[in-house]
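Colleague: Below you'll find the structure I mean.
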Amino acid sequence: MSSLAILICTLPERFEKLKRLKNILDPQVERFKDQVLVHYNDAGRHIPTGTKRNMLVEQTQSDYFCFIDDDDQVTSFYLDEIVKAMAHNPDVITFNGWMTTNGANMANFTIRLGSDYIERNGQYYRFPNHLCPMKRERVNMVKFPDLWEQEDYRWAKLINDRRLLKSEVHIPLDLYHYEFTTNKPPYAKPTRLR
């Protein structure tokens with residue numbers, strides 16, 4: 001039986017967003033408490049996000065690990081699907097989801113092994129990134145750069161370019177809502193989320 005560490009970087013001032021995520025995630029973790037652990041890093045803004053991510057990875061010894069961003073959301077069946085996929089022992093577990101920008105402009109995304117990192121006809125396609133459960137032994141040697149921004153993309157690109165992931169289980173369901181927030185205009189009008 002494989003184990004999974006869910007790793008979450010957060011900040012004290014984002015407690016309400018983290019609480020919203022925990023309301024969905026904690027009951028799921030409780031169902032799989034023998035297989036799934038959650039670790040947090042709330043060390044503050046003086047430490048780069050990439051450094052925090054590396055610290056979290058180093059704290060765990062699970063077979064798989066993934067990140068959930070504290071301001072994002074997962075579905076109520078997220079872990080049901082992830083745990084089922086882990087039973088097949090792939091290098092990476094990928095899935096579909098949707099993103100919004102400042103609560104608006106909903107767009108779907110698909111993360112797949114072998115995909116390009118592109119947008120086509122309003123749909124985003126991505127190679128596996130930090131949101132995907134990855135087998136520790138395949139990617140443990142790749143470190144996040146010590147940056148505050150784009151550390152996740154750069155880490156994922158290194159893994160993709162080195163072709164470290166060989167096998168995948170793709171879950172063709174929307175499991176993850178990525179909430180991109182910017183303080184830069186233009187501000188979009190909110191849209192209904194599904």
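Colleague: If you scan the stretch 27-40, which residues turn out to be open to solvent by less than 60 Å² (accessible area, probe 1.4 Å) and either charged (D, E, K, R) or over 24 Å from residue 144 (Cβ atoms) (or both)? Before you say what the answer is, go through the steps one by one.
Modeller: Keep residues of the stretch 27-40 that are open to solvent by less than 60 Å² (accessible area, probe 1.4 Å), which gives 28-29, 32, 35-36, 38-39.
Answer for the stretch 27-40, where residues must be open to solvent by less than 60 Å² (accessible area, probe 1.4 Å) and either charged (D, E, K, R) or over 24 Å from residue 144 (Cβ atoms) (or both): 28, 32, 35.
Colleague: Which residues, taken from the stretch 75-97, are surrounded by fewer than 18 Cβ atoms within 10 Å (Cβ to Cβ), of a type outside the set (Lys, Arg) and over 12 Å from residue 170 (Cβ atoms)?
Modeller: 75, 76, 77, 80, 87, 89
Colleague: For the stretch 69-137, which fully contained strands (runs of 3 or more DSSP E) count at least 3 residues that are within 23 Å of residue 38 (Cβ to Cβ) and not polar (S, T, N, Q)? Talk me through it step by step, then tell me what you get.
Modeller: Working: elements: 92-101, 104-111, 118-120, 123-126.
Qualifying strands (runs of 3 or more DSSP E): 92-101.
Colleague: Further, regarding this structure: So residue 134 clears everything in (1) over 15 Å from residue 64 (Cα atoms); (2) open to solvent by less than 20 Å² (accessible area, probe 1.4 Å) except one condition, right? Which one?
Modeller: (1)
Colleague: Quick one: in the stretch 138-182, of everything that is β-branched (Val, Ile, Thr) and assigned to a strand (DSSP E or B), which residue is surrounded by the most Cβ atoms within 10 Å (Cβ to Cβ)? Spell out how you get there, then give the answer.
Modeller: If we filter the stretch 138-182 for residues that are β-branched (Val, Ile, Thr), which is where we start, we get 139, 142, 159, 169, 171, 181-182.
Retained after the next criterion (residues that are assigned to a strand (DSSP E or B)): 169, 171.
Details: 169: 20, 171: 18.
Going through the qualifying residues, I end up with 169.
Colleague: A further question on this structure: Could you pull out the residue among 110, 100 that is over 22 Å from residue 165 (Cα atoms) and either crowded, with 19+ Cβ neighbours inside 10 Å or of a type in the set (Val, Ile, Thr) (or both)? Before you say what the answer is, go through the steps one by one.
Modeller: Details: 110 fails: over 22 Å from residue 165 (Cα atoms).
On inspection, the qualifying residue turns out to be 100.
Colleague: Another question, if that's okay. What residue, among those in the stretch 41-55 that are out of contact with any helix residue (DSSP H, G or I) (no Cβ under 8 Å at 6 or more places or on another chain) and open to solvent by 40 Å² or more (accessible area, probe 1.4 Å), is nearest to residue 70 (Cα to Cα)?
Modeller: Only one residue tops the list, namely 45.
Colleague: Just checking, how many residues over the stretch 55-108 are of a type in the set (A, V, I, L, M), modelled with pLDDT under 95 and out of contact with any strand residue (DSSP E or B) (no Cβ under 6 Å at 6 or more places or on another chain)? Please lay out each step first, then the result.
Modeller: Going through the stretch 55-108, the residues of a type in the set (A, V, I, L, M) turn out to be 55-57, 68, 74, 79, 82-83, 85-87, 92-93, 99, 104, 106-107.
Cutting the leftovers down to modelled with pLDDT under 95 gives us 99, 104, 106-107.
Now drop any that are not out of contact with any strand residue (DSSP E or B) (no Cβ under 6 Å at 6 or more places or on another chain), which leaves 104.
Total satisfying the criteria: 1.
Colleague: Looking only at the stretch 2-32, which residues are part of a loop (DSSP other than H, G, I, E, B) and touching a residue at least 60 places away in the same chain (Cβ under 8 Å)?
Modeller: 2, 3, 10
Colleague: While we're on this one: Of the residues 44, 50, only one is at pLDDT 95 or above, farther than 17 Å from residue 78 by Cβ and of a type outside the set (Ser, Thr, Tyr); which? Quick ask: steps written out before the conclusion?
Modeller: Details: 44 fails: at pLDDT 95 or above.
The unique qualifying residue is 50.
The values are calculated or read from the model by the stated rules, or taken from the named source; none is laboratory data. Quantities reported herein were computed from a predicted structural model and do not represent experimental measurements. Heads up, the Cβs are rebuilt from the backbone with ideal geometry, glycines too, and the neighbour counts pull from every protein chain shown. Keep in mind that these areas ignore ligands, DNA and RNA; they rest on the heavy atoms of the full protein, side chains included. Shrake-Rupley method; radii C 1.70, N 1.55, O 1.52, S 1.80 Å.
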